[in-house]
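Engineer: Below is one structure. I have some questions about it.
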Amino acid sequence: MRRRVAENLAAYGFLSAALVCFAVFSWYPIARGAVLGFQQVDFVTDPAWVGWENFERLFADPLFATAWRNTLLFTALALVFGFVVPFLLAVVLNELRHFKAYFRLIVYLPVMLPPVVAALIWKWMYDPGPGLLNTALRGLGLEGAAWLDSADTSMLSLVIVATWANLGTATLIYLAALQSIPGDLYEAAELDGAGVLRRLWHVTVPQTRFVLLVLLLLQVVATMQVFTEPYVMTGGGPEDSTVTVLLLLYRYAFYYNDFGTASALSLLLLLVLGAFTALYLRVTRKADA
């Protein structure tokens, strides 16, 4: 009995450092932010309890609905590009016989760039004047596009940047999952007359289903918190077409000095993502049962 107690105490002793870090840097800020959501806070005067006024101010702001709509649009477009493209790219890399390591490095290189640096590079490339993309289009005799200066193309332009910058991590994870699939399954499918697309759909996708579901959840959570690309590249414009939830939160906190309303918005985002995650896990578990 004494030995078992001593072993448990030693285990909790080893865990204590991690638990303290989580408590100080994760759990306490979350709890503190939830409290700030119900207070008027500017970090100059003493906080005042205002109840639901911060949430009422949010709902009355026309940009509140716009920010959520833009964020959902960004997430939907990011799933089309940032979820499908890495998987297909991993399938192609898995079929290569030569220079595998070289192409993996090429795919992963954008991840090594700091996000702000990547956004600035693409901002120059999107420049309607000397930008690389429009220069190339004009060299081909085509008319340049207003990539970031048009409300019709600005969000798609940001999605392309985010997909390029985060492509490498998802691709390597998919590639690791693909390499764990037994080759006998592909040989059996090929003997049954299955073509490339049928092997992909009936062998590759089912065998990587767990990884696909996990990365889908992580990507939704990450893209709902998009901030760097709209902040650096467009500032929310043109015509508020790229104002996202986190960008609006940043404006409340650091432009309007209204940290209470900013905390209320962060609390709403936490609740939305938490509800989505719980629903997603419940649906996927039922599907596996």
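The values are calculated or read from the model by the stated rules, or taken from the named source; none is laboratory data. Here the structure is a predicted model, which is why all the values come from computation and not from measurement. Positions of Cβ are generated from backbone atoms using ideal geometry, with glycine treated the same way; all protein chains shown enter the neighbour counts. The area values use the complete protein model at the heavy-atom level, side chains included, leaving out ligands, DNA and RNA. Shrake-Rupley method; radii C 1.70, N 1.55, O 1.52, S 1.80 Å.
Engineer: Pick from region 130-162 the residues that are assigned to a helix (DSSP H, G or I), of a type outside the set (S, T, N, Q) and open to solvent by 30 Å² or more (accessible area, probe 1.4 Å): which of them is nearest to Gly237 (Cα to Cα)? Steps first, answer last, please.
Structural biologist: Step one: filter region 130-162 for residues assigned to a helix (DSSP H, G or I), giving 132-139, 154-162.
Imposing the further condition that a residue be of a type outside the set (S, T, N, Q) reduces the set to 132-133, 136-139, 155-156, 158-162.
Remaining after also requiring open to solvent by 30 Å² or more (accessible area, probe 1.4 Å): 132-133, 136-139, 156, 160.
On the way: Leu132: 21, Leu133: 20, Ala136: 25, Leu137: 24, Arg138: 25, Gly139: 28, Leu156: 13, Ile160: 17 Å.
Once the filter is applied, the top-ranked residue is Leu156.
Engineer: Among residues belonging to region 107-129 that are touching a helix residue (DSSP H, G or I) at 6+ places or on another chain (Cβ under 8 Å) and outside any helix (DSSP H, G or I), point out the one that is nearest to Thr228 (Cα to Cα).
Structural biologist: Once the filter is applied, the top-ranked residue is Leu113.
Engineer: List the pairs whose first member sits in region 42-55 and is at positive phi, whose second member is assigned to a loop (DSSP other than H, G, I, E, B) and modelled with pLDDT of 90 or more, and whose Cβ atoms are under 8 Å apart, counting only residues at least 6 apart or on separate chains?
Structural biologist: Cβ pairs passing all conditions: Gly51/Phe38.
Engineer: Do the conditions hold for Phe43, that is, is it aromatic (Phe, Trp, Tyr) and part of a helix (DSSP H, G or I)? Working first, answer last.
Structural biologist: Numbers: aromatic (Phe, Trp, Tyr): yes; part of a helix (DSSP H, G or I): no.
In short, no.
Engineer: Just for region 261-289: of the residues that are open to solvent by less than 50 Å² (accessible area, probe 1.4 Å) and over 13 Å from Gly37 (Cα atoms), which one is nearest to the chain's Cα centre (by Cα)?
Structural biologist: If we filter region 261-289 for residues that are open to solvent by less than 50 Å² (accessible area, probe 1.4 Å), which is where we start, we get 261-269, 273-274, 277, 280, 284.
Checking the rest, the ones that are also over 13 Å from Gly37 (Cα atoms) come to 273-274, 277, 280, 284.
Working: Leu273: 12, Gly274: 15, Thr277: 14, Tyr280: 16, Thr284: 20 Å.
Ranking the candidates gives Leu273 first.
Engineer: Where residues in region 46-61 are open to solvent by 30 Å² or more (accessible area, probe 1.4 Å) and of a type in the set (Phe, Trp, Tyr), which of them is farthest from Leu270 (Cα to Cα)?
Structural biologist: Restricting attention to region 46-61, the residues satisfying the condition of being open to solvent by 30 Å² or more (accessible area, probe 1.4 Å) are 46-49, 52-53, 56-57, 59-61.
Restricting the remaining residues to those that are of a type in the set (Phe, Trp, Tyr) gives 49, 52, 59.
On the way: Trp49: 21, Trp52: 17, Phe59: 16 Å.
The residue in question is Trp49.
Engineer: Can you spot a residue in region 237-260 that is open to solvent by 40 Å² or more (accessible area, probe 1.4 Å), over 20 Å from the mean Cα position of the chain (by Cα) and either within 17 Å of Leu216 (Cβ to Cβ) or charged (D, E, K, R) (or both)?
Structural biologist: yes
Engineer: Tell me the residue from Phe81, Phe64, Phe87, Phe43 that is under 30 Å from Thr242 (Cα atoms), exposed (fewer than 11 other Cβ atoms within 10 Å of the Cβ) and touching a helix residue (DSSP H, G or I) at 6+ places or on another chain (Cβ under 8 Å), please. Step through it out loud before you land on a result.
Structural biologist: Numbers: Phe81 fails: exposed (fewer than 11 other Cβ atoms within 10 Å of the Cβ); Phe64 fails: exposed (fewer than 11 other Cβ atoms within 10 Å of the Cβ); Phe87 fails: exposed (fewer than 11 other Cβ atoms within 10 Å of the Cβ).
After ruling out the rest, the residue left standing is Phe43.
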